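Computed from the coordinates by the stated procedures, all read-outs in this text should not be read as laboratory data. Because the structure is predicted, anything quoted here is derived from the model rather than measured. Cβ atoms come from the backbone with ideal geometry, glycine included; neighbour counts cover every protein chain shown.
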Amino acid sequence: MGTNLSQVFISNALTALDGSQAQFGSLAGAAAADDVGIFTLGPGTAEYKQSALYATTVDTDTSNADDTTVAALTVANPLWLYHSFQVVQRALTGDVLQSPIIPTSSIRRISHSPYTAWAGHKATCVDATFNTAGAQDGDEYNFKFVIRAVPVNQSQFYNSTNASLYSNVFPLGAFNTTNHKVINMSVTIADVSDADAATNLTNVQNAIADHALLKDLVSAADVGANIEITSLHPGLIFDLLVENITQATDPVVAAATGQVLGVGNDWQVADDEIRCRGRYGDFNRMYLPQTQDTYVTADSQYDRITIEYATPNWPNGAGILPAGGVNQAIIYYSNEGSAPAASANEFATLFGYTQHATNEHEFVWAGAGTSI
């Protein structure tokens, strides 16, 4: 994340915590509608809020006696209604999870990113891939997969969540310590003039299923009159060369389409949650058999709110990191497992944006202070 103190809070509902300080120590337990909230510390009563934390417009019509917003002016740096707050998450067991007290004068940026589905890296076999000079139906072809990059995300290597997030475990044999790794597969092509002919597709799929490594790396499907071979893992990047062995032709490079990493996919939320557990006092770095509550839900789709705030101007030995550094508090929220899409919700109200299925939002406080 590029910051020192990076915390993750996960809500499986569109509603935020609401209530007084008396609730602060009694939020543990799974049977609750609200998971995450913003606890404001003034002015006024310290409590969880479901209303806006800052104003994004001001009324410039001084003749309007009833003070309604008639001539609304959008301000570049929204005006905070509270001097400080904490991000709080209900815990399944034990004490609540919470951020430090964050002075609003230290906030530098707040952004919202809607859920975007991950799409794996793809290689496309069109008619020309098989229909090389002298090609005949029934020729044998070699599919050469050149592995350029492999997954490095945290959840790929964390046993307790891997099985629920990935249908295939990335095989150790596909890792390499050189610039690339080459994996070969032999396929007989029945119809060289029609890439996605039923027999061709079936033969490619069967060859992948029978291969010790490729069956856990890629899948093949009929897409737009082509055979499209797709990565099963985020971060797996490969080149594909196809050679007619029977005719001894030069290899044909299948056209590649890069992956779309997306936002708020279950594995991405799990990556952030696992990586940040040490901030909640779990220092089980070797992942020995110790139980730790997990809040991400497999197959759920989350929007992301990122709060970036400067470390107050404390002495280096007293703060979390030296003065001027940036910390993050990230909130992931889901509509009971589905993407929030355009559903109105309390997180959008709290942070002053209109919930949208695709639009991103950002508020920046230029020259935010680093001292209380």
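For a quick check: sort Cys125, Cys276 by the number of other beta carbons within 10 angstrom, fewest at the front.
Taking fewest neighbouring Cβ atoms as first place, the list is Cys276, Cys125.
Could you please rank Glu362, Glu228, placing first whichever residue has the fewest other Cβ atoms within 10 Å of its Cβ?
So the residues, fewest neighbours to most, are Glu362, Glu228.
For the range 122-257, what is the per residue volume of the convex hull drawn over the alpha-carbon atoms, in cubic angstrom?
Spread over its residues, the Cα hull of the range 122-257 gives 105 Å³ apiece.
Which of the peptides 248-260, 341-353 is most tightly packed, and how do the rest follow, judged by the mean count of other Cβ atoms within 10 Å per residue?
Answer by packing, highest mean first, reads 341-353, 248-260.
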